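**Student:** Attaching a single structure in structure tokens format; questions to follow.
Taken together, the values in this text are just the output of simple stated rules run on the coordinates, not laboratory data. Since the model is a prediction, treat every value here as computed from it, not as a measurement. Quick reminder, even Gly has a Cβ in these numbers, built from the backbone with ideal geometry, and neighbours come from all protein chains shown.
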4 protein chains.
Amino acid sequence: MIDATDLARRVRDFVVREVLPVEDAHDGDIAAAGGDELRVKLQAAARAEGIFGPHAPPAYGGGLTLRQCADVFEAAGYGLFGPLALGAAAPDEGNLHLLDRVATPGQRETFLAPLARGEVRSAFAMTEPAGAGSDPSTLRTVATRAPGGWRIEGRKTFITGADGAGFLIVMARTSGAPGDRGGATMFLVPAGTPGLKVGRHVPTLDRSMVGGHCDVDFAGVVVGDDAVLGEVDAGFRYAQVRLGPARMTHVMRWLGAAVRAQDAAIAYTARRSTFGGRLSDLGMAQQMIADNEIDLAATRALLHHACVQLDAGREAAQETSIAKTFGAEAIGRVTDRAMQLCGGQGMSADLPIARIAREVRPFRVYDGPSEVHRMAIARRVVSAHRKAAS
Amino acid sequence: MIDATDLARRVRDFVVREVLPVEDAHDGDIAAAGGDELRVKLQAAARAEGIFGPHAPPAYGGGLTLRQCADVFEAAGYGLFGPLALGAAAPDEGNLHLLDRVATPGQRETFLAPLARGEVRSAFAMTEPAGAGSDPSTLRTVATRAPGGWRIEGRKTFITGADGAGFLIVMARTSGAPGDRGGATMFLVPAGTPGLKVGRHVPTLDRSMVGGHCDVDFAGVVVGDDAVLGEVDAGFRYAQVRLGPARMTHVMRWLGAAVRAQDAAIAYTARRSTFGGRLSDLGMAQQMIADNEIDLAATRALLHHACVQLDAGREAAQETSIAKTFGAEAIGRVTDRAMQLCGGQGMSADLPIARIAREVRPFRVYDGPSEVHRMAIARRVVSAHRKAAS
Amino acid sequence: MIDATDLARRVRDFVVREVLPVEDAHDGDIAAAGGDELRVKLQAAARAEGIFGPHAPPAYGGGLTLRQCADVFEAAGYGLFGPLALGAAAPDEGNLHLLDRVATPGQRETFLAPLARGEVRSAFAMTEPAGAGSDPSTLRTVATRAPGGWRIEGRKTFITGADGAGFLIVMARTSGAPGDRGGATMFLVPAGTPGLKVGRHVPTLDRSMVGGHCDVDFAGVVVGDDAVLGEVDAGFRYAQVRLGPARMTHVMRWLGAAVRAQDAAIAYTARRSTFGGRLSDLGMAQQMIADNEIDLAATRALLHHACVQLDAGREAAQETSIAKTFGAEAIGRVTDRAMQLCGGQGMSADLPIARIAREVRPFRVYDGPSEVHRMAIARRVVSAHRKAAS
Amino acid sequence: MIDATDLARRVRDFVVREVLPVEDAHDGDIAAAGGDELRVKLQAAARAEGIFGPHAPPAYGGGLTLRQCADVFEAAGYGLFGPLALGAAAPDEGNLHLLDRVATPGQRETFLAPLARGEVRSAFAMTEPAGAGSDPSTLRTVATRAPGGWRIEGRKTFITGADGAGFLIVMARTSGAPGDRGGATMFLVPAGTPGLKVGRHVPTLDRSMVGGHCDVDFAGVVVGDDAVLGEVDAGFRYAQVRLGPARMTHVMRWLGAAVRAQDAAIAYTARRSTFGGRLSDLGMAQQMIADNEIDLAATRALLHHACVQLDAGREAAQETSIAKTFGAEAIGRVTDRAMQLCGGQGMSADLPIARIAREVRPFRVYDGPSEVHRMAIARRVVSAHRKAAS
């Protein structure tokens, strides 16, 4: 059994020593820092340190509970490239989890094994220009039967890591029409499949994701029956299987980044003199420092609670929605206060805070905007009230 | 071993059946509802139900961990008079805990036993007109040596439950002078001791506390050496012993009250029609309902985490400060949103929400204002950073 | 022409001297302070001071622009009973304005004149148990033709000042059915009309309104054709005529109350010592004091801007919605911070702040909840964008 | 007399037509867009349009009141490079104002005239690594007497526009020592003066300022007596002369940028379909849209009020602090909500919002952090209370 506390400590040390210097030198821009080349190098270092892939299925050398992951991934997230070094960045980490739950033996060998070993990267292609992430009824990419397989037509966008991915898990409509929910199916599509075209990187605020967030076109992409991941028309169900834990691992990683922002702000205010004293002793600074501690602690407490529920085999949809929504907003507040605490320095790349703020801002939108989660949270509790009342 | 989950369920049922009707009939005004007479009646009912005093020391029939208390007290707090019914209201509950930790065998028999059995109430006399709660250096009540004991002179205020209390635990300066911290000692002063005068009830917003929040004068109150609780000059230390858990039990109880406010708001919005649909289906209402769920969940998560730390024997000063500060503010937000969700009804005594809002508002000040806690939280984390850096 | 600045100064002096002592002695409870008896007495004093009714139509001794009213009513609102003393409390002040715009000569003599002279009070009966204020389609009180007039059937609630009012302006449906907007008509119904029954005072948080917020039943109330105020089926239009300025005068009065809360908090913090200095010099206290100044200034700036628009004859629906929504929330924040600044004292009736907080809380709901105003604000701006784009 | 309303309309049209295409093509990065070359080109276009330099002193072709500037600069700020096109960007605009108030005839000819004509740019060198902006006692750059003039030694940072500026206005200590306030003097230092070295551009979040925010070294820079701007040791006073209006013109420009963010968000939500309707019709979207309207209106109202005070010759320190503090935070909230309303698109350079958010964030720090303004606001009001009470 893995000692997660010790592992988290080792991961944190590794991140501080090996990852932060690269991040700081390139202001967190993964492309500038070397992209996949950097990934390979950092993962080799992590492997040498014995900390690579702790979240992988046991058969692939890992075996952490989600609650244990929370400690390890928070430590990894202390550096923007830390999760990448461990092979624990999105979307690979979530895809690994999904494949382990659903893939056939053949798919495990072809896709899961090289992914777990860090030999390839992957992408998860669900979001479309008209939505499809928050509202399944808007899914327009379609897969129709073709001789011995399927033919996929459609366009995806914001596909994280698509540029350079070895394969994509693609969500396509296999029944129903746009406007109703219908059924969707997941397909495993290797890079290089004819008709698959990875387009431009959407020029987003964040810049730390290897492979960017890309437009991807499927122009008559034909795959065999063995490309179907799980059952036909069961794609939305698998998406939920993937999303619960994936939401939590996002929170873990960004929580680590917020901790670094707070650390940097405390270090700055503790050495900065102003108005005849240390900045960290001024009441308004204390308020921001304390509010950061509160937000970090509350995020962590909600996250750990949701992980315990998931580890116990519960769906925990309400718990993960709450932890994701609160966490994404709290992490945003923490980095914003940390910037403010450092004044002009906080606005510059001389400290890591502005860059972290830029990276975490999209998290209030990615993986379900706060507003969609709030709608779901309210519906669930009102519906539960209605049932209890009747 | 007590099954706290089952107990919490029974307590909630009891509160709904026996306590809420009284609370609703008197808009939560304990004096109007019968004061100590009501207390005796409700405690008899709780005893008959087998749910009285679960938090008492094992020797007195209780034996919950603090983490277990969290479930039971939240259930009790669903009614404003619920904790009173269980003998678990402030300040008795905190005094019980303190006496169990510090009292001599004689003091246990004279003070602790009748308190645990609900035969008397008690008060904790620390706050003074000039402060003394948040800032120990402002303590002005003084105890000086007298033949065979001590003579206490001073004035206290906001002493919860003083009117009708069987005894008071009194904090008095026994060394140093006002302006420095010095040393304080706790004394056990029975009601009726000459020179002890319980004055007016401070006319506060909240009205659910039996015995009010009173001015108390000590005009040459003489007590014997056996009135000293614990060691001379160790009062501030004992206050911390009392305050950590007492802070958490406050949060537990008020969390229960906030849950009732949310329940009432959900019930109202689920049956109210407006703009051609149910109020609970409107986006802005969903937002308030969801934010309430988030605030309740985060308060509970922080609270449980702090309880686990305290149960493990840690001081957990940071954890309890964080849970208290976040909890008091979150509970205030929840009740405020619940009021807003119910429109005009939310402003009236026809629903319990306005009354709960009135009761919980002072919790952001009582037991340490949020600002004082934030100052302490910031100091602790900056100081830890400093130590780690050097 | 009236010198509004000088008048405002005189009103403020009068309020401090004549009104605050009564308010403080009865914690702002108008019923406890004497109700209509107190009203008559205070109005006599105001008349003696030459400051009664400055907002009345010029023919009745007044003649302020709305922008001038802003200064005078803010000064009056410094005391909870200040507007009452000037005859400028809701709903009389708004009714005066409405009657001056719409009433026939006969109605002016019978209703407007005595109201302007302070001989009677009035009420405005629009709100119903199912809504009708925020959403006109829910209006259920119906007026049907009767020989020589109309017969009114229905139930109203939250009718401010109904108990003791000399007459009511009643909104009743005269075309369409509940569920659609249809047409409504305003009727002037004198107290004592058979079938008119003023029921209980809704037990609301606020207690400073003479005549309470009442349930009112109309059981076959028959009135003549001369009871119709303005045109038949034009009631919703007149309601808008009344509501724009009435919204602003509410803001003016409550702004004055918030200023008193801030004054009380500043006075308290400037004399209170803690942590070795004055409370007003601590950073977190400065932040609350400054945020209050900002909120007061922003409320005033938005209010004055809307008044200037209304004075220029514009409808200013967006401006008044914005000023009302921001103002109601800002005033709530100001009083809440003022309470917090004063610690335990802030929670008590020893300072006026807790009482002011109680009085202003419903303003976020009364006169259109913030949520309904926000919906309207968004719709107007999106609609304007759409028009500009096409 | 200038018709500011008409001018504002023409400026807005010009910005939409000439400026936004350049901004959008380069994601608001002035260096990428051409730097000074672009400036010259845009200014020529503005001159051709008859809208260049309306804020300049009348002798130089301008003559707007500050209140009129508010309309014109808001229109200019609709594009990030709009103020630059009009010659109205910081720091030139504030320097123009300062020189017009203080410069000698010779200095007017040498420095003011070319600046007003857009022939050169300028910089204002006050901020230092240790502060000096918020807290004058930390000023360390020193000017000592040299034969026929002064010798300046020190280091500045965050000097906006320094790279490429024709001259700098430099604040240097001429009496007292670091740690006390002492006296400071302003010097006019032309580019190319020996010992003056413009260093790196601080890598800040914002990228729209021509000439960047630079480190600047003064290594034995010698200037003549005619380089003294105004009187010796009067620098802090002049800084106030400059800062009041400069604070307001910052708010004007950034307000315009926030208006564009809101426009972009409204356009997006009005055409985006989701959950079976338009995004702009969902309650939570309406709330964000409405809150943006409220924040924009309140910023504008506070700004205009402060401008009217300044135009009337008052110092208006409290009014400008309030308008700056509220405005900077409100503008930040508006852009953040606008981003959130647009989901993934809001995070990308495909819409202008993320870029505007990046540009306005530092405004909560630049020109006095919110916290320093709040301290000053609180001190002023407490001090006024104290005077009134005594």
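**Student:** At D:Arg10 and D:Asp180, where each label point lies 7 Å from the Cα along Cα→Cβ, what is the point-to-point distance in nanometres?
**Tutor:** 5.4 nm
**Student:** Just rank A:Trp150, A:Trp254, fewest to most, by other beta-carbon atoms within 10 angstrom.
**Tutor:** Result, fewest neighbours first: A:Trp150, A:Trp254.
**Student:** Determine, from the Cβ-Cβ distance of A:Thr104 and A:Glu315 and an R0 of 30 Å, the FRET efficiency 1/(1 + (r/R0)^6), rounded to the nearest 0.05.
**Tutor:** Between A:Thr104 and A:Glu315 the formula returns 0.80.
**Student:** Can I ask one more? How many lysine pairs are close in chain C, with Cα atoms under 28 Å apart and the two 8 or more places apart or on different chains?
**Tutor:** Details: C:Lys41/C:Lys197; C:Lys156/C:Lys197; C:Lys156/C:Lys324; C:Lys324/C:Lys387.
Qualifying lysine pairs in chain C: 4.
**Student:** Something else about it: Would you kindly compute the Cα radius of gyration of the stretch C:122-233 and its largest Cα-Cα separation (Dmax), both in Å?
**Tutor:** For the stretch C:122-233, the Cα radius of gyration and maximum Cα-Cα distance read 13.2, 43 Å.
**Student:** Nearest 500 deg cm²/dmol is fine: what mean residue ellipticity at 222 nm does the protein assembly as shown get from its DSSP H runs of n ≥ 4 alone, each adding -39,500 (n - 2.57), divided by its residue count?
**Tutor:** Calculated mean residue ellipticity at 222 nm is -15500 deg cm²/dmol.
**Student:** Hey, another quick one. So if I place +1 on the C-beta of Lys and Arg and -1 on the C-beta of Asp and Glu, and nothing else carries charge, what would the dipole magnitude of the stretch D:122-233 be about its Cα centre? I want it in debye, nearest 20.
**Tutor:** My answer is approximately 240 debye.
**Student:** So what's the gap between the Cα centers of the stretch C:27-93 and the stretch D:114-148, to the nearest angstrom?
**Tutor:** 56 Å
**Student:** What share of all Cα pairs of chain B, in percent, falls into each consecutive 20 Å distance bin?
**Tutor:** All Cα pairs, binned at 20 Å, distribute as 28, 57, 14, 1 percent.
**Student:** Using the 10 angstrom Cβ neighbour count as an exposure proxy, how do A:Ser383, A:Ser390, A:Ser137, C:Ser280 rank, fewest first?
**Tutor:** Going from least to most buried by this count: A:Ser390, A:Ser383, A:Ser137, C:Ser280.
**Student:** Given the rotation relating D and A, tell me which residue in D puts its Cβ closest to the axis and the distance in Å.
**Tutor:** Residue nearest the D-to-A axis, with distance in whole Å: D:Arg358, 4.
**Student:** Further, regarding this structure: Label position 7 Å from Cα toward Cβ: report the copy-to-copy distances for C:Gly182 in nm, one decimal, ordered from shortest.
**Tutor:** Going from nearest to farthest copy, the values are 4.5, 7.6, 8.1 nm.
**Student:** Work out Dmax and Rg for the protein assembly as shown from the C-alpha atoms and quote the Rg first, both in angstrom.
**Tutor:** Radius of gyration, then largest Cα-Cα span, for the protein assembly as shown: 34.2, 105 Å.
**Student:** OK, next. Distance between the C-alpha centers of the stretch A:267-316 and the stretch B:211-273? Whole Å please.
**Tutor:** Result: 26 Å between the Cα centres.
**Student:** While we're looking at this one, here's another question. With axes computed from alpha carbons, what is the tilt in degrees of helix C:370-389 against the longest principal axis of chain C, rounded to the nearest 10 within 0 to 90?
**Tutor:** Once rounded, one gets 70 degrees.
**Student:** Where the label is 7 Å out from Cα toward Cβ, how close does B:Asp24 come to the same position in every other copy, in nm, shortest first?
**Tutor:** 4.1, 5.9, 6.3
**Student:** Distances in nm, one decimal, shortest first, from B:Gly61 to the same residue in every other copy, taking the label point 7 angstrom along Cα→Cβ.
**Tutor:** 6.2, 6.9, 9.2
**Student:** Next up: Roughly how tilted is helix C:36-49, in degrees to the nearest 10 and between 0 and 90, from the longest Cα axis of chain C?
**Tutor:** Its long axis makes an angle of about 70 degrees.
**Student:** With everything on Cα atoms, drop me the angle between helix A:4-14 and the longest principal axis of chain A, reported from 0 to 90° to the nearest 10.
**Tutor:** 70 degrees
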